[in-house]
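First comes the structure, then the notes that go with it.
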Amino acid sequence: MKTLLLNLLALFFSTLVLGQTFSVKGRLTDSSKSPLAYASVNIKPAAQSQQFYGVYSDEDGNFEVTNIPTGDYMLQVSMLGMKTLEQSLKIHDNLNLETIMLEEDPNVLNEVTVTAKKDRLTRKVDRLVMNVEDNAAYAGRSSLELFNTAPGVFVNNGNISINGMWGTRVMVNGRILNLSGDDLKNYLQNLRAEDIQSIEIIARPPAEYDAEGSGGMINIILKKQTQAGMNARFGHDYTLGLGKYPSYRPNAGLSYKKDKLGMSLDYGYAHDKGFQEVGQERAFPNQGQYQATNDAVHRRRNNRIRFSTTYDINDQQFIALDYTGNYGWFTDSIRSVTDIVYPDAANNTQAVGDFPTHARNNFTNVGLNYSWNTDTLGSRLRFIADYTYSDKNAYSGTNSITYNAAGLPIADTIFTFFYPSTSKILTADLKYNKTFRSGLDLAIGGKLSSTDIDNANSYDIFLGETVREGANAFDYLYRERISAGFITLSGNLLQTQFSVGLRGEHSNIRGELIGDGQDTLTKWNYFSLFPSAFLQRPLDEAGNHSLTLSANRRIKRPSYQDLNPYRYYLDNYSVQAGNPFLTPQFSNSVELGYLFKQKYYAAFSYARSRDVINQVIETDLESEQMTLLRKNTGREDVYTATFSAPVNLTSWWTTTNNLILTHSRSRAPEFDVSLNSLVLQSEQEINLPQDWKVSLNAFYTPGVLIGNISTTSIASVDVGIQKKFFGERLSARAALSDIFYTNNFSARSFYNDSVLDLWQRDQTRVFTLSLMYNINIGKAFKLRSLDKSNTEERERL
């Protein structure tokens, strides 16, 4: 890995040529000092030339134009509804123009509504931003379903990968969700596409972010209200799984701002019902053949509420409090039929059982934000603190009867497994970003986190008319203390835009298993360094051709749920279990890319992980039982080639296409599995007359490798149509997902000499009708975007 990185660095810097280029950055505001998003910023040579350098300002009004040679230029800033600003520039060094204020053009403002069309994809030095607003095909879709449309992202059964690397963390507005497993899946399914502004795909996060997450990070940016005075919205989604079950999700939002005080309140309710069908087949002792089918019906009721309030102390400082609550319950009713078939039919058996699961979860997060812009160059001090409390009350049942070949009952198993848990997480994060007039940015910071999780486990076992309540009870107590610090330096040097950083994290972890004769104490105490580097260098003066190079090191700690040594039955012969002896997984990755006109991208990457945490399927021929659990399985190598091409076919038809070629190999003492594959993604957006809009999204892969599990082909085609009414206050969308019902899979698991074949079908073909009505009273303003300090901890909960 080190040799490969050195060779790539040598190749990168071998492109250095004579000449020097610089960058110009600044921040755009209106007369009320509110940021101006998506304004056009162009820098044109003073001499007559068709060449110019241009960008759009981001959501906070910031812009940066790079790769500009020495010379005299004209800066031109324009935005619909504002007077165009022109200013002469002499560029012989990096420039920070600080804050630029645009004046309102009253003649335009009185006649038009100010709108700006954002590019679907925007590449930044360390991430790819996908805008998801106004895509009709996303109507009624959840954030988890949106991920499959993001370039390089793949979702399978709730597991998320970026460029073939599994273990991706999920953030919301820069906050990692302290949820995992079914809890994370349920949360993301309840977060609607209509509430999302954009998705940031960060394959190699910089040192400023927590080092947790071997598969990178996905940051969900929620929509922000943009009207002062009073702004309200009311919406409703109705979905129908074709041939199966309906769901509905009403939602509402309210925001208010007066003087220095701003408030926002959002509420969403989900009433969902779906199904899943799973089939399994494997060898059984004494020449038997195991065949099982599980039919499950999922039901979920969920209430999600978010309240935030901000107070502007002055023009440079603000303080904010926010509250997020997620309250609901989830049930999974599984009917399982298992046949054991032998050469002698007289020995055949059939087991029929019900395996229900019920979980009620109360999730609360309270956050404090303080921000101080310490100078006019953009330097900023931030303090963020969060407290998270989660109370989960869950149980699973087993009620199974086994019959012989004659259809007579020969055995039964009846019990209930209880596994309630409480979690308390406190985090505090301090960061300071210093911006220098030379264009350099220096960031330093630190973070402390404290996590206490208590899991109580017990069984009610039914033996005839006797009930053993609280049998085999045991507790699992988890304590985690992590302290971290980082430093990053960003800027432009020798024509190269760069960002380099180093993060150090000290982990002190204690897991204690008490009761049922299993008393065990495990401790981990370690310090790790996590470097990161991002480089981008133009190959020509116009900046049309650029090389990029990125590399970093990451860690994947076991989730708290995976460490809990519970055991509950999925069917008559299948058990899911926790593993308190899991250790962290470490990954190193590097990518060399080529960027053309800041749009078209080709890259080659390599990632290696050790002590990989994978969900594996173990089969025990003696106990006749199959166990699903997480294990440190060995080593994983992933090679990828990525190609991305957004194209404007006509003025009314745009398309974005992505192709990822992968070679993955997963090696452990129990298996050695490799797979050559690809992921093809395509998105079409068509604007029709009278403001009708049609969107079509599709993806295809011939197979995916997840640990010791290799799947067959998976694909999906989604289409949607959108129309706005009443001055764009009412938005109506209709969409059909997975038209050909191909977003399901078959798979094969390898472990020692055992092979398991399985298939899975879910409620993926769904028709959705979505309505949203907005009421706006007042003038435009921008609510504060609140950061979170407990990004890593919340997702691992």
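A few comments on the model shown:
- Some residue of the range 594-602 being open to solvent by less than 10 Å² (accessible area, probe 1.4 Å), at pLDDT below 90 and farther than 22 Å from V755 by Cα: yes
- Meets criteria (in contact (Cβ under 8 Å) with a residue 40 or more places away in the chain, under 26 Å from L184 (Cα atoms), among the hydrophobic types (A, V, I, L, M, F, W, C) and touching a strand residue (DSSP E or B) at 6+ places or on another chain (Cβ under 6 Å)) for I555: yes
- Exactly one residue out of G504, G578, G485, G515 is under 27 Å from E618 (Cβ atoms), of a type in the set (G, A, S), surrounded by fewer than 21 Cβ atoms within 10 Å (Cβ to Cβ) and outside the structural domain of W166 (by the TED database), and it is G515.
- First in the range 435-460 and closer than 30 Å to T398 by Cβ, second anywhere and aromatic (F, W, Y) and outside any strand (DSSP E or B), Cβ under 6 Å, 6 or more apart: I453/Y560; N457/Y419; N457/Y566
- Considering residues of the range 129-172 that are more than 11 Å from the chain's Cα centre (by Cα), closer than 14 Å to Q197 by Cα and assigned to a loop (DSSP other than H, G, I, E, B) only, the residue modelled with the lowest pLDDT: A139
- Taking the range 433-443 as the range and being in a strand (DSSP E or B) and either surrounded by fewer than 16 Cβ atoms within 10 Å (Cβ to Cβ) or not assigned by the TED database to the domain that holds F474 (or both) as the test, only L442 passes.
Condition check ((1) within 21 Å of H298 (Cβ to Cβ); (2) open to solvent by less than 60 Å² (accessible area, probe 1.4 Å); (3) among the acidic types (D, E); (4) in contact (Cβ under 8 Å) with a residue 12 or more places away in the chain) across all residues:
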site	(1), (2), (3), (4)
F725	no, no, no, no
R729	no, no, no, yes
N743	yes, yes, no, yes
W759	yes, no, no, yes
D762	yes, yes, yes, yes
R765	yes, no, no, yes
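- Qualifying position, being in contact with a helix residue (DSSP H, G or I) (Cβ under 8 Å, 6 or more places away or on another chain) and crowded, with 17+ Cβ neighbours inside 10 Å, among V679, V719: V719
- Taking the criterion of being in a strand (DSSP E or B) and without any contact (Cβ under 8 Å) to a residue 60 or more places away in the chain, the residues of the range 413-425 that qualify are I414, F415, T416, F418, T422, K424.
- Members of the range 527-544 found to be open to solvent by 10 Å² or more (accessible area, probe 1.4 Å), under 30 Å from the mean Cα position of the chain (by Cα) and either without any contact (Cβ under 8 Å) to a residue 40 or more places away in the chain or farther than 30 Å from S483 by Cα (or both), listed by number: F527, L529, A533, Q536
- Close Cβ contacts (under 7 Å, 6 or more residues apart or on different chains) running from residues in the range 374-386 that are touching a residue at least 60 places away in the same chain (Cβ under 8 Å) and within 14 Å of L430 (Cβ to Cβ) to residues that are of a type in the set (K, R) and part of a loop (DSSP other than H, G, I, E, B) comprise I384/K788; D386/K788.
- Identity of the residue in the range 400-429, among the polar types (S, T, N, Q) and either under 19 Å from I340 (Cβ atoms) or not assigned by the TED database to the domain that holds G470 (or both), that ends up least open to solvent (accessible area, probe 1.4 Å): S400
The values are calculated or read from the model by the stated rules, or taken from the named source; none is laboratory data. Because the structure is predicted, anything quoted here is derived from the model rather than measured. Don't worry about glycine lacking a Cβ; one is built from the backbone with ideal geometry, like all the others, and counts go over all protein chains shown. Just so you know, the surface numbers come from the protein's heavy atoms only, side chains and all, with ligands and any DNA or RNA stripped out. Shrake-Rupley method; radii C 1.70, N 1.55, O 1.52, S 1.80 Å.
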